[in-house]
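Inspection log for the structure reproduced underneath, given as structure tokens.
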Amino acid sequence: MSEVEDYTGRTGRNETREEQLDRNWAELLQELRVLQTGVQILAGFLLTLPFQQRFEKLDDWEVNLYLTNVVIAALTTAFILLPVSVHRRLFRKRLKETLVSSADTITKIALGGIALLSAGTAALVFDVAVGRSAGVTAGGALLGVMVVMLVFVPLRLNKRATVRIIPPASEKE
């Protein structure tokens, strides 16, 4: 859930649990729309490469990296679409909490796919344009930056926010 709850379980909003789940679902859908656009751009770029003259000159490593990126793009697209499919299956079954919770997990997996796809695409472009060591370096560096941005920054922010909302021991009693 995107809303930080205080130690009593309240979110600081005047909403029912159902309203909160509806809001969380709407926020997740908006995030998925943004992710989908990014994946579509990268996938579109990848799909045009085989039709370029220079594609025939790729070595086995570059072709395998290219094909791996295409598979990652397809799987990431599937993960981005999965919450919509789950919603269709759970629609009107009063399972909104299950829907929001599973969509949250699926979205995190999609973010991982985008990190891999971005790093893999950068590695391929640098490899073709500058050379193998530049490709591996660029891909590895970008993957490292993406892990920091997508995993460690949110964890750090969550930890800082949690420390601020937990009352001192004397206030709990």
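The table that follows gives values for the structure above.
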| quantity | calculated |
| --- | --- |
| Residues within the range 47-73 that are touching a residue at least 40 places away in the same chain (Cβ under 8 Å) and either within 20 Å of Ala134 (Cα to Cα) or open to solvent by 40 Å² or more (accessible area, probe 1.4 Å) (or both), tallied | 8 |
| Filter result for Ala103 (open to solvent by less than 40 Å² (accessible area, probe 1.4 Å), within 21 Å of Val136 (Cα to Cα) and assigned to a helix (DSSP H, G or I)) | no |
| Check on Asp127, open to solvent by less than 20 Å² (accessible area, probe 1.4 Å), charged (D, E, K, R) and either part of a helix (DSSP H, G or I) or touching a Cys at 6+ places or on another chain (Cβ under 9 Å) (or both) | yes |
| Selection count, the range 130-166, where residues are in a helix (DSSP H, G or I) and more than 19 Å from Leu35 (Cβ to Cβ) | 23 |
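The values are calculated or read from the model by the stated rules, or taken from the named source; none is laboratory data. Quantities reported herein were computed from a predicted structural model and do not represent experimental measurements. With ideal geometry, Cβ positions are generated from the backbone for all residues, glycine too; neighbour counts draw on all protein chains shown. Just so you know, the surface numbers come from the protein's heavy atoms only, side chains and all, with ligands and any DNA or RNA stripped out. Shrake-Rupley method; radii C 1.70, N 1.55, O 1.52, S 1.80 Å.
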